[in-house]
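The values are calculated or read from the model by the stated rules, or taken from the named source; none is laboratory data. Quick caveat: nothing in here was measured; it's all calculated off a predicted structure. Heads up, the Cβs are rebuilt from the backbone with ideal geometry, glycines too, and the neighbour counts pull from every protein chain shown. What goes into the accessible areas is simple: the full protein's heavy atoms, side chains included, and nothing from ligands, DNA or RNA. Shrake-Rupley method; radii C 1.70, N 1.55, O 1.52, S 1.80 Å.
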Amino acid sequence: MFKKHIVVAALLLFATNFFAQVTKDTLGEVIVRGSAKSIRKSYSVTGNSATLSSKELLKAACCNLAESFETNPAIDVNYADAITGTKQIKMLGLTSPYLLISEENVPSVRGASQAYGLSFTPGTWVESIQITKGAGSVVNGFESISGQINTELLKPMDDIPFYLNVYGSSDARFEVNTHLTHKLSEKWATSLLLHGNTRVSKNDMNDDGFLDNPLSKQINFLNRWQYVDAQKGWVSFINLRYMDDEKQMGQLDFNKDRDRGTTNFWGAEINTERLDVSAKLGYVFPDMPYQSIGFQTAYNTHNQESYFGLRTYDIKQNSFYSNLILNSIISNTMNKFAVGVNFTYDEYSEYFSNLDLSRIDNSLGAFFEYTYDNADDFSFVAGLRADGHNRLGFFLTPRLHVRYNPWDQAVLRVSAGRGKRAANIFAENQQLLASSRSFDIQNNNGDIYGLNPEIAWNYGISFMQKFNLFTKSAEVVFDFYRTDFQNKVVTDLYQSPQQVAFYDLEGSAYANSFQAEFNLEIIKHLDLRTAYKFYDISTDYTSGKMQQPLQAEHRFFANLGFQTHILDKGQQWKFDVTYNWNGEQKLPFTATNPVEYRLPENSPSYSLVNAQITRTFSSTFEIYVGGENIGNYKQANPILGSDAPFGTYFDSSIVYAPVFGQMYYAGLRFKIK
């Protein structure tokens, strides 16, 4: 028996040596290459969210955050007006005030920065963007109604030492981005992100005598510090940020030093200065990696001084935000929870012409969110928060998200939740200031401009299925979301073309949003994304139930991207084309104007094509060229009454299509790794 064991052991030793030798002799270097999708959609995350990586952001010039969604079907990008060149985003058919826009989960674009805040974050600073449809998490506050967009900035510990991006376009916009990162030790790293842009020449492609895009200049810098002690479980970020942004708009002959406050020529300026200081501190219990505690705090001051013709609008907001969160489990990691408290303080100094609208808002809230996840096919997140607000009162915010995987590579999600917010009617509707409309607030004895808070419920269902089509990877997604307003501050452009009326909702207001998406890898490195969207957004105005103006009911989106194989030194070609079709849009009421200042009830439908080609010469250097609105579609009459800008019929806010025609750009990116 003993001899038998010796023999078996010898055979095993021999066999091991033999196969080891064979392996040594026959296996060479093995290189496994893979590529992550630029938009990642998880089948195991409870919420209906998608993550846009920096790879997706490079598909277009992405000068700032507002322009980062051109290649994404979940977000609609529109021009806010014909004067400022500002782009406005919508999700589920609702504009950005109903979205919670956060930076590393700290609310960022809100209040005074609502109209232009997205353009204050340069695209090169962004590491990734998470887009969540539906009410979102109670951890991040009570204001989110239609969804959340969270931006993650570059992390000093992970960033490269030097990055340079230079950009120039045919509309005379020039931009420089420089990143400098230095690792001070194994635990400390810092980054200095610098941004500057300017538009120096006047463009008037539609010959209406007005600038198509503002003359502008912006300087913007961010200094980040990151501390990580993995052994002791500490991580921290400290951010210091400053921005100065100046825009001049109006007639071509307007001279701000000569003509401001006169009726010589119509002009406008928006000058914004902003300072942000924020810090995060997190601790993971070394013996309990499932348990952590984190503290976020931020202070910012946002100061906008502006005038539009003879109308002035100044707003300054000093804000303080803090949030304390404890994450842990109940018995096992299938049952997790987050609990915490947060405090928000907003001091507004707001002046509209001679009207003083200053106020102070503050709120103190507590939240609890429970997550069940069986790590397989079912999970849900149930959250509840209670807040006390000096103007919104005491209220509860419940939210629920459920995920179920009925079969392989399929996911069904449902969600429901409540949101509540104070409408900053002047800051959120600044596009209407560049018109002759009078502002009529139909006071209802509410606490915010005489109006009551907005309250809405959002419900959604989503189904996603991945499959193979002709041996190629494909995916279909169906979404339906409905938002029901209990109260809404109605912005009424149907009463009169010389007036905008604000009043509390009497009746019903809802937004239905349906999206069908089909994605296919046609061949290796050639990806197609398509989406059809239908919106039914209706409000009871004093003149009756009407569709929301300047909102297309039907939209179609397609994006085709192709990349060649990466060669040994990193050389590669990248091609990207995006097509957007926008259906007819209901236009504001102009029927009582003289004939020459009237618009039809609906706009025509139109299409836009954007494209970009990137040539990568090595892993450190690449150039790109691209074009926007290549078909050169322009709205025929974007400024009503442009021949008499101080007259009764002047209105630059009725914009449903691009004002500027085709635009081409080029740039380079250089890295030191």
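A few notes on this one:
- Segment Ala172-Phe285, length gained on full extension (0.36 nm per residue, minus Cα span): 35.4 nm
- In the chain, the DSSP beta bridges split such that about 95 percent are antiparallel, to the nearest 5.
- Here the stretch 407-421 and the stretch 603-673 have alpha carbon centers that stand 35 Å from each other.
- Pairwise FRET efficiency - Ser353 versus Gln442, Cβ, R0 = 22 Å, nearest 0.05: 0.75
- The stretch 216-292 and the stretch 319-397: distance between their alpha carbon centers, rounded to Å: 23 Å
- Each eigenvalue of the Cα gyration tensor of the stretch 518-673, multiplied by 5 and square-rooted, gives one semi-axis; in descending order these are 42, 20, 11 Å.
- The modelled label-to-label distance for the pair Tyr404/Arg258, using points 7 Å beyond Cα in the direction of Cβ, is 7.1 nm.
- Cα gyration tensor category, rounded, prolate or oblate, for the stretch 46-187 with a/c compared to 1.5: oblate
- C-alpha center-to-center spacing [the stretch 81-114, the stretch 575-598] in angstrom: 21 Å
- Site pair Ile630 and Glu273 shows an inter-label distance of 4.4 nm when each label is modelled 7 Å from Cα along Cα→Cβ.
- A 1.4 Å probe run over the chain, with the rest of the protein chains in place, finds 43 Å² accessible per residue.
- Note that the stretch 217-229 has calculated 3J(HN,Hα) couplings of 8, 9, 10, 8, 9, 9, 10, 10, 10, 10, 10, 9, 10 Hz, one per residue in order, obtained from phi through the Karplus relation 6.51 cos²θ - 1.76 cosθ + 1.60 (θ = phi - 60°); glycine and proline are x.
- Taking the protein heavy atoms of the stretch 48-202 in the context of the full set of protein chains, the accessible area attributed to carbon and sulfur is 57 percent at 1.4 Å.
- Cα-centred dipole magnitude for the stretch 356-465, charges only on beta-carbon of K, R (+1) and D, E (-1), debye, nearest 20: 220 debye
- The label point for Asn390 and the one for Asp484, both projected 7 Å from the Cα toward the Cβ, are 3.4 nm apart.
- Gain on full extension, evaluated as 0.36 nm per residue between Ile329 and Thr648 minus their Cα-Cα distance, stands at 108.5 nm.
- Between amide H atoms placed 1.01 Å from N, distances below 5 Å from Asp171 occur with Tyr664, all of them 5 or more places distant or on a separate chain.
- Rounded, prolate or oblate (a/c below 1.5 giving rounded, otherwise prolate when a/b exceeds b/c) for the stretch 156-283 by Cα gyration tensor: prolate
- For the peptides 164-172, 402-410, the ranking by packing is 164-172, 402-410, with the highest mean count of neighbouring Cβ atoms within 10 Å listed first.
- Taking the C-alpha atoms of the stretch 190-259, convex hull volume expressed per residue in Å³: 111 Å³
- When you count the other C-beta atoms within 10 angstrom of each residue and take the mean per peptide, 286-298, 632-644 line up highest first as 632-644, 286-298.
- Value at 222 nm in deg cm²/dmol, rounded to 500, when DSSP H runs of n ≥ 4 in the chain each add -39,500 (n - 2.57): -1500 deg cm²/dmol
- Under the combined filter of DSSP loop state and at most 12 neighbouring Cβ atoms within 10 Å, the stretch 125-212 retains these GluC sites (Glu not before Pro): Glu186.
- With the convex hull drawn around the C-alpha atoms of the chain, the volume per residue stands at 186 Å³.
- Alpha-carbon gyration tensor eigenvalues x 5, square-rooted, for the stretch 284-439, Å: 42, 21, 14
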